[in-house]
Amino acid sequence: MGLCQECWRVGTTFSDKLLRVAHGPCDCISLEDNWLHRTVYAKAMAQNLQRLLGRHANAIAKFPEHPLAKVLPEVLNDKSMSLTQFDGKVTCKVGGSSPPFPFPSAWDYYAWASSHKVLANIRVPFLALNAEDDPVVQVLPIEAGGNPYVAFAVTEKGGHLGWFGKVQATGETRRWVSRPVLEWLKAVGEDIVVRDRQIKPLHVVDGFLKEDGRDDIGCKGVEGGGHVVGVEGEEGLFAGL
């Protein structure tokens, strides 16, 4: 869903950026028409999100008045939660810190986040990747709204956010999706003439670096570090979730 939102942002706000790469856009509401998505993947993804919240439960509990802290016990204790139920209790409420969040329901959130409807508006080179055997996202807007800026690539294999393969030299399981992405980046860098772009000034607000006109989003460096728990080495039905 986050990558779907990235596509949506490119189609609505990022006309001044050089290029963008994202997992393929989709109609989020249509996902619920897929039996496998509803009964298998949606529950597996919800369980992963529950585990993620569980790992940070102590930190969340330090802010008892926060909407996430209030629903945390209910979310963690639900043993059969679906992705739509999780999004209805968590994502649509605390998925963003500024409007249009919060949303009344998961369905309102899905309608907003569905990126297929903004493909025609993209005005930077944009690569969208999907796999033909993706068991979750099966409705692909491959016509890309007739937009010449959009390269919509569909690989024969790859699953849902997978693209796993064996490294012959080591036998390790690794993602191979970087290969077509790098090929596309090379082609864009060599063959596309970039017009002069107006760079927006940056300013610091409360320690956050922000672009002029984008007070809703910013970044800042933090001290220390952490360990990112990934799933690249996992195999089987839920690899990549």
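The values are calculated or read from the model by the stated rules, or taken from the named source; none is laboratory data. None of the values given here were measured: they were computed from a predicted structure. Please note: Cβ atoms are built from the backbone with ideal geometry, for glycine as well, and neighbour counts cover all protein chains shown.
Residue pairs, Cβ under 8 Å, 6 or more apart or interchain, first in the stretch 200-212 and on the phi > 0 side of the Ramachandran plot, second assigned to a loop (DSSP other than H, G, I, E, B) and exposed (fewer than 12 other Cβ atoms within 10 Å of the Cβ). List them.
Qualifying pairs under 8 Å: GLY207/LYS220.
Within the bounds of the stretch 166-184, is there any residue that is within 30 Å of GLY213 (Cα to Cα), outside the structural domain of TYR41 (by TED's automatic domain parsing) and either without any contact (Cβ under 8 Å) to a residue 40 or more places away in the chain or not basic (Lys, Arg) (or both)?
Going through the stretch 166-184, the residues within 30 Å of GLY213 (Cα to Cα) turn out to be none.
Checked against the condition, which is being within 30 Å of GLY213 (Cα to Cα), outside the structural domain of TYR41 (by TED's automatic domain parsing) and either without any contact (Cβ under 8 Å) to a residue 40 or more places away in the chain or not basic (Lys, Arg) (or both), the stretch 166-184 yields no hits at all.
How many residues are touching a residue at least 12 places away in the same chain (Cβ under 8 Å) and exposed (fewer than 13 other Cβ atoms within 10 Å of the Cβ) when one looks only at the stretch 58-96?
Within the stretch 58-96, residues that are touching a residue at least 12 places away in the same chain (Cβ under 8 Å) and exposed (fewer than 13 other Cβ atoms within 10 Å of the Cβ) number 2.
Filter the stretch 193-221 for residues that are modelled with pLDDT under 80 and β-branched (Val, Ile, Thr); which is farthest from TYR149 (Cα to Cα)?
Restricting to residues being modelled with pLDDT under 80 and β-branched (Val, Ile, Thr), the top hit is ILE199.
Looking for whichever is farther than 30 Å from ASP215 by Cβ and either part of a helix (DSSP H, G or I) or not assigned by TED's automatic domain parsing to the domain that holds ARG38 (or both) here; the options are LEU127, LEU161. Which one fits?
Values: LEU127 fails: farther than 30 Å from ASP215 by Cβ.
From the options LEU127, LEU161, the qualifying one is LEU161.
For the stretch 143-173, enumerate the residues that are β-branched (Val, Ile, Thr) and surrounded by fewer than 19 Cβ atoms within 10 Å (Cβ to Cβ).
The answer is VAL154, THR155, VAL167, THR170, THR173.
Residues of the stretch 120-152 being more than 17 Å from the chain's Cα centre (by Cα), at pLDDT 85 or above and within 24 Å of ARG175 (Cβ to Cβ), which ones?
Scanning the stretch 120-152 gives PRO125, GLU132, ASP133, VAL150, ALA151.
When the residues of the stretch 37-63 are filtered to those that are among the hydrophobic types (A, V, I, L, M, F, W, C) and more than 18 Å from the chain's Cα centre (by Cα), which remaining residue is modelled with the lowest pLDDT?
VAL40
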